[in-house]
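**Student:** Got a structure for you, questions after.
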Amino acid sequence: MKQYNHNFGWRGCVVAIGVGVAAWMPAAQAQPDWPTKPVRLVVGGPAGGTADALARLLAEGLHKTWGKPVIVENKAGAAGALAIGDLQSTGKDGHTLLLIQGGVVSEAPLANKVQYKPFSDLKPLAQVSRTGLVLVANKDAPFADLKQLVAYGKSQKDGLVFASYAPGLKGHTSGMLFGQLAQVPMRHVGYKGSPPALNDLMGGHVPLMFDGVTTSLPLIRAGKIKAIAVAYPSRISGLEAVPTFKELGYPQLSQAGWFAVWSRPDVAPEIQQKVREATLAYFRQPAVQKRIKEMGMEQGDAATSDEMMADLRQAYQQQAALLKSINYQPE
């Protein structure tokens, strides 16, 4: 008589169910922990610049958290487009991330013809810092504050000349908006980056410039240029004695800019969350916050990806309206 193993049925059933559950589980849970190899942190700026300094700070923190190398790679040029292209081509698995300012979404596509879709090809995961612009002047300029500057500008037949680090970006439109609000004609001179513009400012070739705080701050501290007002919601670390435009009656010039770590939108959500949590935790540390303030920036906030994108959409609309008001054509 044939004997049956009565235990086989339920054991085989358990094995079958286990296999079925394993097959049903999301692929991300079945994969090894991410990151599984060194992470590339692509920077949309040159070595030694603000984005580069932030990226190296972030890389230090992520390496400590994950125990994997985080390699900073500079892809300067084309207003961030080269760095974004790198992210698009290599970033699907999350092992390539991007550190760049939000202006690549809200400003650059309006100023230049770009190949990427700003609101669908990129996703901000976590802010690392917030900053603003500062109106700086040649140290020998015949005005010491904004009120004197406006009076001087109105006394000049052709108004005032000012420089910015790039045509069509915030440094350009902030000067034009200020002119509209103060009723002072403003004539713009665009440069390729802050360093050449600041050199001409110090040399007296241009009297004014709207610049990022981080690049102007060392020259302000050294007395080589003077700060007139800050375009930011509040006074900025390192420039506590410099009033904001909002304090001086120009609340329209108070929008904050921010740097963030970004990924492709199709990176697995759990990887996006891992990057976000590690970034925010590291940048909350007092020693890291101190380094951020020393650079002339403020701590980034904990805005979600959706909140950051909503902020960028609003900034995009405002920038588009300003560019239209001065008949700017993308290059």
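The values are calculated or read from the model by the stated rules, or taken from the named source; none is laboratory data. Everything numeric in this text was worked out from a predicted model, so none of it was measured. Please note: Cβ atoms are built from the backbone with ideal geometry, for glycine as well, and neighbour counts cover all protein chains shown.
**Student:** For segment 170-193, indicate whether the set of residues that are closer than 25 Å to E247 by Cα, of a type in the set (S, T, N, Q) and over 25 Å from the mean Cα position of the chain (by Cα) is non-empty.
**Tutor:** Yes: one or more hits.
**Student:** Pull up segment 72-89, narrow it to residues that are part of a helix (DSSP H, G or I) and in contact with a strand residue (DSSP E or B) (Cβ under 6 Å, 6 or more places away or on another chain), then point me to the one that is surrounded by the fewest Cβ atoms within 10 Å (Cβ to Cβ).
**Tutor:** D86
**Student:** In addition: For segment 101-126, which residues satisfy the criterion of being assigned to a loop (DSSP other than H, G, I, E, B), of a type in the set (A, V, I, L, M, F, W, C) and under 25 Å from Q299 (Cβ atoms)?
**Tutor:** Answer for segment 101-126, where residues must be assigned to a loop (DSSP other than H, G, I, E, B), of a type in the set (A, V, I, L, M, F, W, C) and under 25 Å from Q299 (Cβ atoms): just L122.
**Student:** From the list G102, G80, G94, pick out the single residue that is touching a Gly at 6+ places or on another chain (Cβ under 9 Å) and either at positive phi or β-branched (V, I, T) (or both).
**Tutor:** Just one listed residue meets the conditions, G80.
**Student:** Checking D266 against (1) outside any helix (DSSP H, G or I); (2) under 20 Å from the mean Cα position of the chain (by Cα); (3) under 30 Å from Q88 (Cα atoms), which single condition isn't satisfied?
**Tutor:** (2)
**Student:** Right, another one. For segment 46-71, what are the residues that are surrounded by 18 or more Cβ atoms within 10 Å (Cβ to Cβ) and part of a strand (DSSP E or B)?
**Tutor:** Selection gives V70 alone.
**Student:** Any residue at all in segment 233-252 that is crowded, with 22+ Cβ neighbours inside 10 Å and either among the small types (G, A, S) or in the same structural domain as I100 (by TED's automatic domain parsing) (or both)?
**Tutor:** no
**Student:** Still on this structure, I have one more. Need the failing condition index for Y282 against (1) in contact with a Lys or Arg (Cβ under 8 Å, 6 or more places away or on another chain); (2) surrounded by fewer than 15 Cβ atoms within 10 Å (Cβ to Cβ); (3) not β-branched (V, I, T), just the number.
**Tutor:** Checking Y282 against (1) in contact with a Lys or Arg (Cβ under 8 Å, 6 or more places away or on another chain); (2) surrounded by fewer than 15 Cβ atoms within 10 Å (Cβ to Cβ); (3) not β-branched (V, I, T), the one that fails is (2).
Every residue, every condition in (1) at pLDDT 95 or above; (2) under 19 Å from I100 (Cβ atoms), yes or no:
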position	(1), (2)
Y232	yes, no
G249	yes, no
L253	yes, no
R276	yes, yes
L280	yes, yes
M309	yes, yes
N327	no, no
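Residue-wise test of (1) within 30 Å of G61 (Cβ to Cβ); (2) outside the structural domain of T214 (by TED's automatic domain parsing); (3) within 14 Å of the chain's Cα centre (by Cα); (4) touching a residue at least 60 places away in the same chain (Cβ under 8 Å).
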| site | (1), (2), (3), (4) |
| --- | --- |
| Y282 | yes, yes, no, yes |
| K290 | yes, yes, no, no |
| A303 | yes, yes, yes, yes |
| M308 | yes, yes, yes, yes |
| R313 | yes, yes, no, yes |
| A321 | no, yes, no, no |
| P330 | no, yes, no, yes |
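**Student:** Please pick out the residue among K157, K192, K123, K147 that is among the charged types (D, E, K, R) and in contact with a helix residue (DSSP H, G or I) (Cβ under 6 Å, 6 or more places away or on another chain).
**Tutor:** So the residue among K157, K192, K123, K147 that is among the charged types (D, E, K, R) and in contact with a helix residue (DSSP H, G or I) (Cβ under 6 Å, 6 or more places away or on another chain) is K123.
**Student:** Is there a residue in segment 121-142 that is surrounded by fewer than 16 Cβ atoms within 10 Å (Cβ to Cβ) and among the small types (G, A, S)?
**Tutor:** no
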